[in-house]
Structure formats: C-alpha cells, structure tokens
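Reviewing the structure listed below.
The values are calculated or read from the model by the stated rules, or taken from the named source; none is laboratory data. Here the structure is a predicted model, which means the values were calculated and not measured. Cβ coordinates were reconstructed from backbone atoms using ideal geometry, including for glycine residues, and neighbour counts include every protein chain displayed. Accessible surface is based on the protein model in full, side chains and every heavy atom, while ligands, DNA and RNA are left aside. Shrake-Rupley method; radii C 1.70, N 1.55, O 1.52, S 1.80 Å.
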Amino acid sequence: MVYFEKSVTEPASLAIEKKKKKGSHSGYDVLLALRSDFKDKCYICECKKPISINVEHFMPHKGNKDLKFDWKNLFWSCYHCNNIKSYKFINILNCTIYDDYVDKKIKYQITIFPKEQAKIEAVEMSAKVAETVRLLNAVYNGTTELKKMGSENLRDAIREEIDRFRTSLVNFYKSSLPESKSHYEREIREHLNISSNFTAFKRWIIFDSPKMKNDFEKYCI
C-alpha cells in the first residue's frame, strides 16, 4: 500500500443514485474518478491495471446508504483483494490518509525464490497496523487453496517487477557516464512513484539500504 490523494469533489452520479431505491454507486463518472485517484492500481495489492475491477467500500456498508454512496468510502480494488477483504477486515490503515503512512508502518519484502511467500511485517505496533498486516499477508500469500494459487501468480508478477527495478539500480551504480547515470535515475524515480506497480515493495528495498536511502528516499513520496 502507498498513499493516494483522493479527489475532494465527489462524482455527480452518487447524489442522484443515492435517491433511487436501487441506485448504483459505480457510475461511469465514479469509475473514471477512482481509476484516476488510485493511478489505475488496486489500493491493496498495488497491481497496475487489474483485469478484474471492483468499486470497494473501505468500510462495509451493509445496506447503509450513507456508507454505500459516501465518496470517501469508495476505493479502487481488484477482485482478488476485494474478495479477501470483504467485510472481515475493518480496522485497517487508510491509504488516502497521509498520516497513516501505509508504506512506512509496514515492511514489504519478497525473495527471488519461486513459490516462497511474501514477508509482510509491522514496523509500528498498533491495532490498525496489525490488522492491515493480517490483510496483506492474506492477499499476498493466500488463505484457501484457491486463493493461494492466485496469490502465487501475484507474487510472480511482483518478482518480475522487482527484477526490473533491481536492474535499474545496478545499472545506476555501475554507470560512470553522467548521461547514463541520469537515465537510470529517471527509471528509478518512475519505479518509486505511486503510479508504479507494487511501489511499496520497491520502496522497502530503498529503505533497507543506508546508501540507497540516502540517494533515493527523496523519490519515495
């Protein structure tokens, strides 16, 4: 998870649909706004351009119209994460609140070894952090046998992206020519941007190295 700044002005269809007996909270204007706000990424697993998309209620509405149509309560999610979170994880960090520091209160790690699980750990101890860690472990490592297979595919995608990121880092530190170094620094900056695939995993590669933290933490915003 990384911080996303949610737009303040809610899509017009929400107020209109809320008045209906069976109104929709996922009108086209809502979809466009959410896709833009969340950089076309699932807010939980950070997969870019997910094939299966859900308009997720951060707090389960359970028939409560105020929660169902509350713009602040609508998030961009993939089916895998939405299905795992469901109504079972409520007291979690909110990635649209800057001070929740979702990429710094939780440590994200994955090894290069196939099938090995992702390692999600709390950096700060609190009930919200612990519950978010529990959710992320379920997302990245699976719960049921079926979900474990989906999580394995997700981890494979993360490893491929991390491999590209590490290549940029290696090339940066190997380069001696200023123009080459500048090129690879741009690549690294793009990888660390919130619009990139699996940004939190990449940022923790930076946070874990004093040298790289000094060089690139400025891009982890």
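Largest accessible area first, the residues 77, 209 order themselves as 209, 77 under a 1.4 Å probe with ligands, DNA and RNA left out.
Once the cut-off is 27 Å, how many percent of the Cα-Cα pairs in the range 84-221 end up in the long-distance tail?
Details: 2356 of 9453 pairs.
Tail of P(r) above 27 Å: 25 percent of Cα pairs.
Which shape class applies to the range 68-143: rounded if a/c is under 1.5, otherwise prolate when a/b exceeds b/c and oblate if not, where a ≥ b ≥ c are the square roots of the Cα gyration tensor eigenvalues? Cα axes put the range 68-143 in the oblate bin.
Computed from Cα atoms, the angle from the helix 127-141 axis to the main principal axis of the chain rounds to 70 degrees.
Give me the mean projected area, in nm² to one decimal, of the convex hull enclosing the Cα positions of the range 118-160. Mind showing how you got there, number by number?
Working: hull surface 12.3 nm².
If you wrap the Cα atoms of the range 118-160 in a convex hull and average its projections, you get 3.1 nm².
Placing unit charges on the Cβ atoms of the charged side chains and taking the dipole of the chain about its Cα centre, the candidate lying farthest along the positive direction among 184, 89, 106 is 89. The charge dipole of the range 26-108, taken about its Cα centre with unit charges on the Cβ atoms of Lys, Arg (+1), Asp and Glu (-1) only, comes to about 260 debye.
Could you state the per residue volume, in Å³, of the convex hull enclosing the Cα atoms of the range 1-134?
Cα-based convex hull of the range 1-134, divided per residue, equals 116 Å³.
Applying a DSSP loop filter and a limit of 13 other Cβ atoms within 10 Å to the GluC sites (Glu not before Pro) in the range 108-138 leaves 116, 124. When all protein chains stay in place and ligands, DNA and RNA are ignored, the 1.4 Å accessible-area order of 43, 173, 79, largest first, is 79, 173, 43. The distance between label points at residue 104 and residue 29 comes to 3.6 nm (points 7 Å beyond Cα on the Cα→Cβ vector). Close amide H pairs (under 5 Å, H built 1.01 Å from N) link residue 56 with 75, 76, 77, residues at least 5 positions away or on another chain. Solvent-accessible surface (1.4 Å probe) assigned to residue 48 amounts to roughly 60 Å². The trypsin sites (Lys or Arg not before Pro) of the range 82-126 meeting both criteria, a DSSP state outside H, G, I, E and B (loop) and at most 15 other C-beta atoms within 10 angstrom of the site's C-beta, are 88, 115. The range 31-98 and the range 125-191 have their alpha-carbon centroids 21 Å apart. Taking the charge dipole of the chain about its Cα centre, with +1 at Lys and Arg Cβ atoms and -1 at Asp and Glu Cβ atoms, the residue from 74, 169, 126 reaching farthest to the positive side is 74. About the centre of its Cα atoms, the chain shows a dipole size close to 540 debye [charges on the beta carbon of Lys, Arg (+1) and Asp, Glu (-1) only; nearest 20 debye].
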